[in-house]
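Participant: First the structure, which I've put down as structure tokens, then a few questions once you've had a look.
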Ligand code: FAD
């Protein structure tokens, strides 16, 4: 027995445990069900549920599976298991061949908890100061003053870290708090009145507030930094299911109260929050930032040019703040063009996507209230720039679906009336009758140059040109140009009889195949034909393409030092998040803000260790 004990102490992570839909308690149940125990071993009556913790639950409806399943990853605590039932030694020693994938974890996996980490940092610093009067760490003699510009996920997490670690932080946001922002968005959707500073892109929570609130990221769900972000969101009111769900998502209705409680926490820490305040310029001396120039944009015309001094400025302005890029160039802050993606947003009836993905099981979706999740998809196609396919121009490129919003709606993400661009959002239930997703193709400097766009902001100019063309195609007033997928493929105008759209400000039949340069249209058309092979029924008269999707990620990067996070041109400036080209999506922007917050805290002498 001792040998077995040595081998099996600690924790075991059991993966790929499938439970059939009719035996599973359903998508919202995250505990250890009887059916799951049965899967872990065929000795369910002996297994105590408290010895197991569900760490991941996903729904798998891939067509190669005979029966769709919920797929679990479970951690088993050997000590708890044995204390309740010593006879389980036999079960443990035979377990390996029974469950497909088993990983031994000698100690419980550390989970990223931001607040404990912040507390440790604070204790560490107190210890250093108290224990070593001659310490070489540069403990500041005054509270460093930091401006964080932008209250999107990057700005909020940088503010949280710096505020907790004792900096005197001012969070400056051009848009409005969520309460007023909600009213401004309402006026846009109902009365077509756009507020240039408070809309789907600008305002508390940043671009991700009126969004689908998907919390998926390519960084890796189990990395400490992602777990730290997700746990912090739970602390501020997100459901615990986001820690376990394979495809966590919140929806706008959950994001709004979460942001309110995030704000209250920051205010309790002593952070000053200035809404309706836009940073128009930087105060620079030599190669060092000294502060910012702001204007009060709640007044019409805005009241300009208050100068505010800071020791450091975290720039987390997102990638719709094109005025900020221009302003940075005037200070010779280097900007580097970056590849991004452009395309169209396709919308299908959600029922059609449910049937394509789930076949007969589609009935179980029940508008988001059923046992199985509302169906989504993720499709991608690689287009070679070589040989016969060279009609895509010489560049190889990817074409893929992006930011899929099942049970969602198409929304306007323009910040002024002469430019038209769109995105998708949803509520937590994902109960609308539509499924939308961006279908985009990657573009690079080669594309911009061939269209005569040059310089650091060539990508921004290309985006703007497409958005202006889309606004003209729609005929103004935020009406969106649309074309059915079949007509886009056949390059003909859709007739008057368009399928319904979730977009609230009106759609107009247009020749979307003429919106892009021909090689990009061809890349999209060929990829749609490929997607049909993967999702038969995707090409349908009911599938409506909306133009234009341009703001998938930042078209520029603001170079920074990889350790200190400071701009390579300007000391004390910390470019972070999506606008700086270091993130794409809510969670990765939050992670970048978090690391930047720690890096700035270290540079300002608030902590001694690198995080
Ligand atoms: P942002 O969120 O863009 O925040 C920047 C903030 O800076 C804004 O609030 C802006 O008002 C402020 N600002 C800009 N300029 C100034 C200035 N000069 N002075 C003061 N303040 C300024 N991502 C996902 O991961 N999942 C999703 O489901 C998802 N859905 C989306 C739906 C929509 C409609 C949109 C528009 C985006 C969606 N995204 C989604 C993308 C996601 O929102 C962004 O990747 C993320 O918000 C980027 O975070 P950020 O903090 O870097 O910048």
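Participant: What ranking do 550-563, 483-496 get when scored by the average of other Cβ atoms within 10 Å per residue, highest first?
Facilitator: For the peptides 550-563, 483-496, the packing ranking is 550-563, 483-496.
Participant: In nm, to one decimal, how far is the modelled label at residue 468 from the one at residue 120, with both set 7 Å along Cα→Cβ?
Facilitator: My value for the distance between the label points is 5.3 nm.
Participant: For the pair residue 611 and residue 38, how long in nm is the line joining their label points, each one 7 Å along Cα→Cβ?
Facilitator: 4.6 nm
Participant: Ranked highest first by the average count of other Cβ atoms within 10 Å around their residues, in what order do 232-243, 471-482 fall?
Facilitator: Values: 232-243: 17.8, 471-482: 19.7.
Taking the mean over residues of other Cβ atoms within 10 Å, the ranking is 471-482, 232-243.
Participant: Something else now. Shape call for the range 337-549 from the C-alpha gyration tensor, a ≥ b ≥ c root eigenvalues: rounded (a/c under 1.5), prolate (a/b greater than b/c) or oblate?
Facilitator: The shape class here is prolate.
Participant: Follow-up question, since we're still on this one. For a test of the definition: using alpha carbon positions, the gyration tensor, and the 1.5 limit on a/c, classify the chain as rounded, prolate or oblate.
Facilitator: Oblate, since a/c reaches 1.5 and b/c is not below a/b.
Participant: How far, in nm, would the chain grow between residue 298 and residue 192 when pulled straight, counting 0.36 nm per residue and subtracting the alpha carbon separation?
Facilitator: My answer for the length gained is 36.2 nm.
Participant: Is the range 130-259 best put as rounded, prolate or oblate by its Cα gyration tensor, with a ≥ b ≥ c the root eigenvalues, rounded for a/c under 1.5, and otherwise prolate when a/b is larger than b/c, oblate when not? Let's see the in-between values first.
Facilitator: Values: a/c = 3.14, a/b = 1.44, b/c = 2.18.
Note, shape of the range 130-259 comes out oblate.
Participant: Determine the percent antiparallel among the DSSP beta bridges restricted to the chain, to the nearest 5.
Facilitator: Working: 70 of 90 bridges.
Once the DSSP bridges in the chain are tallied, antiparallel ones form about 80 percent.
Participant: Could you tell me the center-to-center distance, by alpha carbons, between the range 255-326 and the range 561-602 in angstrom?
Facilitator: 16 Å
Here, each number is a calculation from the coordinates, and none is a lab measurement. Fair warning: this is a prediction, and the values are worked out from it, not measured in the lab. In this analysis, Cβ positions are derived from the backbone assuming ideal geometry, glycine residues included, and neighbour counts consider all displayed protein chains.
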